[in-house]
Structure formats: structure tokens, C-alpha cells
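A short worksheet on the structure shown next.
Bear in mind that the values in this text are calculations on the coordinates, not laboratory data. Everything numeric in this text was worked out from a predicted model, so none of it was measured. Reconstructed Cβ throughout: ideal geometry from the backbone, glycine too, with neighbour counts over all protein chains shown.
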Amino acid sequence: MIRTHISRHEIGLVFRRGDLSRVLPPGRHFVPERVLSSTELVRCNTLDTRFVHRHLDLLLQDERLRAFLLVIDLGEDERALVWRDGRLFDFVGAGRFAYWQKPHALKVETFRLDELEFRHPQRDAVLAFAPARAQLAAVDVEPHERLLVRRGGEPVAEFGPGRHVFWQRAGLVRWQAVDLREQIADVSGQEMLTADKVTLRVNLLVGWRIVDPVAATTRVGDARDSVYRQAQLALRAAIGGRELDRLLADKDVVANEIRAALLPAGAAFGVEVTQVGIRDLVLPGEMKAILNQVIEAQKRAEANLIRRREETAAARSQANTARVLAEHPVLMRLKELEAIEAIVKGTKATFVLGGGQLGLGTAALAAGDGAESGGAG
């Protein structure tokens, strides 16, 4: 027998012919001297915390050794966090693991993968731990988004804004962020035929947003493409049922009709149509020339009508004036004097006015600087 010393941070394992025969706690011990290399003393450093050995499963069957260890046995759908003195020390998956209970204080937290989301008060600290990042996935969801989570291809949960952490299990869990903001579908360059056989090109704007993320991602392959396709069909139905004149006069009515047709179609795959507007109606070159001629003729006819109406009004006014003057000779005389005053304004002239006989009260009217006046008696 020989004497040996086991330090305070050590545990001694005595193997004889390959089997564990003694477990030595810290202190002095007598062990058999090696005989033909059949006896071996292994010193385990407990400061390493985790006990690793190639024959761990066999060694853990010894109750003397298990008294010094904290053993974790995890199934395929379990994971564990090991905390040492309040700090994260290890993150382990399926299997059997052993940790020295001294000199550190240990705490073990076990989780099941069927819980889908990983929740923990120190979640960010766990995510900063490299071994944990291999088992966990963090997804940040914006305020305008919803996160749709699928397990095995089946939608299982929907999450709102914030950070969410999920267990990664061989790609079984997948997630998809769905944007709930209003979006615009530009249905441009659509060549169509009106009811009166006029070809034109229409540009349409459709505002829409997703209100049911599950329906928008499962019932159609792409919500944007589906809105675009439905808008094309509704636009063709609205344009093809109207003549060009009605179409040009009722663009807002056509837009409302298209929106009414899109509402039930979009609701079927989780989309709400918020607005529809016809941006442009583009006519062929020859049709533009014809319409310009029509508009020009209409405006010319309106101008002629207005001119004739004004001429009629002027003639009617003159007739009324002539009737009044005929009924009032004095008023007629005053009008004559006003006319004469306007004629001689700014000139040098002498006019002699009388009632038909110059000897019976004549009067002279002179206008302008230096005009002369006289009378006859």
C-alpha cells in the first residue's frame, strides 16, 4: 500500500483491472501499489464542473461516484440549461451528462421542444451563449408584421411584434413574416376593347393589405400576384361592358365597380382591397384625332349658339330703346344732345340749334376750348 493525497478540488478514482474499485474524496488515502499495472489512480478536477469519461454510462452505475455528481438524463425532445454560480455554464441536448456538485453551486433547467417557443427571464443571455445558438433561433417581428409559425408544414401559431425565440429541431419548425401594411398593385398597360369596339390601354392602381396571414399564405401562392390577376379580370369586365363615352364620363363609377368586384375575391384569400383608381386611359393616335375633331366641332357649335343668343339679346334691347324714344320726344332730344356732345368733344366747332325757326328762341352749343356761341333774334 502507498499513501496518496487528494486535493480539495479533486476526486480520486481507483481502477483495478479496468473496473472502478474506489472513489476517493479530498484527503489522505492509502491505495494498493501498482502491481503489473493492474491498479490505476485517476485524479478528476472538480473545478472543470463537467465530468467527462469515455465509460461514463458504466461509471454512473456506481452509487459511490453518483453521490458526488449531478446527473442529467435527457430524451430526444428535451434540452437543459446548466447554471454554475448564477452564470450559464452549459447547454445540452439529448443524452446523459454529469457535473461535479462541488465546489460550485449548480442549477439545471429542463425544457421540452414541443413547447415550440423558448421563454426565459434571461433569454438574451442564453442567446449570447454559443452552444445555445445552435439549438435556438431568434426572430424579430416589426410592428407592421405578423409572424406565422409552422411545424411540419402546418400553421400552429401567429405572433405579433417583438422578439420571439424558437427551438430548432432538424428544420421541423419554420416561420414566415407577413407584412400587414397597405401595398399598391400597379396594373399597367392593359389593352382592352370597349363595347363600341374602341381599343384603348388602361392603367389601374389597386391598394390592398393582408388581414388574414394564414389564408394569404396557404390559399394562394403569392397574395400580390393573386390581387393583380383578380384586378385584371375585374378591369376587363368593367371596360368591356361600357362604350367609350360612358367610360370617359364615369371613370370613378368604373373604379368603384372594380373595387366591389375585388372585395369578395380578395376576402377569399385573406386580403382587403382598400382603394381602386384608374390612373390613365390611353387612346390610339387616330382615335385621339377623331375625338379632338368632335370636341372642336362641339365647341364651335357652342360658340355659334352663344353668339346668336347675344345678337338676339342686343336686337331686343335696341327695339325696346326705339319704342321708348318714340313714345318720349324729349328723351329723344336728350339722346341727340348726348350724341352731339360725344362727337364734338375735343374739337372747335359752333352749332346753332333751333326748334325749326331760327327767330323763335335759338341757342348755341359750343364744345371745346375757344368755342363760340350766339343767338338770332
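Just a few scattered comments:
- Complete set of residues in region 71-88 that are basic (Lys, Arg) and within 16 Å of Leu113 (Cβ to Cβ): Arg79
- Filter result for Glu257 (touching a residue at least 60 places away in the same chain (Cβ under 8 Å) and surrounded by 14 or more Cβ atoms within 10 Å (Cβ to Cβ)): no
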